[in-house]
Amino acid sequence: MTTVGSGTSPLTVLFDTAKATASETQAIQIGYITKDMQNQLTKQIAALQAPTDQVSINYSQNQIANLMTQQKTVMALGTVFGQNANTLGDMLSQITLMTSAANNGDSTGFDNALSAANTDLTNLTPAAYNGLFRPDGITALKTNGLAINSSATYDLSTGAGQTAALADLTTAQNLVNRIFGVTSSNQTVAGSQSAALTGQIGALQSLQTQAQTANAASIAQQTQTLQTNMQNALHLIELNLGSANQTANMLSAAMNPPTAVNSVFGALQQSAATAATPVASRAAATAQQAPAIMSLFA
């Protein structure tokens, strides 16, 4: 409690008290209001939703997933075709060696090449059916074999035996060549299809990224608008609360009433003092003192 001592006017005490109380009260009120508005802003930002068509997004995601599944299948088949093409290529090389051995009556060379060709036959992998690719005949080849006998069966030491071996070798070579051609073609198709699927997947992913970027920008814009609105509202509230200082200003005016002007020299003195104060203060002083100055000439 403020005590009014000797030489201290009650208005001075009221002025000091009103000024301090108004300032403290305003600071407390602004603090509470700011906290409450910030909580509301946080909830509003959390509730923001981008203008997203979830149905379209789900459909796009399903498309991407399906295309990725197709690509995985195609790439796996492409790997099988590639491995089979290499194996068939080696098989054709072994048939060429057998043909040379048969023409030369080389039973050992013939049988060695036949053993390698049969190993290649074992290593072939039938590809799973897929409508994109042509049937290659590898399953039938593995089932039926090359239909080439050993050198002892042909008796390559005789012309008849060599002729019979060469006939079987030609049949096997033609079959393997046909299978090799289809397998190589399927490998090319697999590569092309995989590349096409990559393009489609990339395009859809790009569209999704653009949509997500646009949504993020929309949310950011809405967030900025909410923050700006809160700041503007807070400033207006601060201005309104500032009117609490009016009591202190009224007490200040009561403590410092305008000095009555009783002479021309007094008017000139106050006019000089007014010139040294801000424009707003001079205007107020002039308005208050005009009647006193005019009274000198009444």
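Laboratory data are not the source of any read-out in this text; all were calculated from the coordinates shown. Treat the numbers as computed from the prediction; the structure is a model and nothing was measured. Positions of Cβ are backbone-derived with ideal geometry, glycine not excepted, and every protein chain shown enters the neighbour counts.
Grab the Cα-Cα distance for Lys43 and Tyr59, subtract it from 0.36 nm times how many residues apart they are, and report the gain in nm with one decimal.
On the way: separation 16, 0.36 × 16 = 5.76 nm, distance 3.07 nm.
Additional length available on full extension: 2.7 nm.
Pull out the extension gain between Asn232 and Asn144, defined as 0.36 nm times the separation in residues minus the alpha carbon to alpha carbon distance; nm, one decimal.
Numbers: separation 88, 0.36 × 88 = 31.68 nm, distance 8.71 nm.
So the extension gain works out to 23.0 nm.
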Residue-span extension gain [Thr213 to Ala152] - 0.36 nm each, minus C-alpha spacing: 14.4 nm
Under-5 Å amide H pairs with Leu156, H placed in peptide plane, nonlocal only: none
Calculated from backbone phi, Karplus (6.51, -1.76, 1.60) coupling profile of the stretch 86-93 in Hz, x at Gly/Pro: 5, 5, 5, x, 5, 4, 5, 5
Top positive-direction residue, dipole computed over the stretch 65-213 with Cβ charges, set Ile148, Ala165, Gly191: Gly191
Cα pair distances of the stretch 65-213 binned at 5 Å [whole percent]: 2, 10, 17, 16, 12, 10, 8, 7, 6, 4, 3, 2, 2, 1, 1, 0, 0
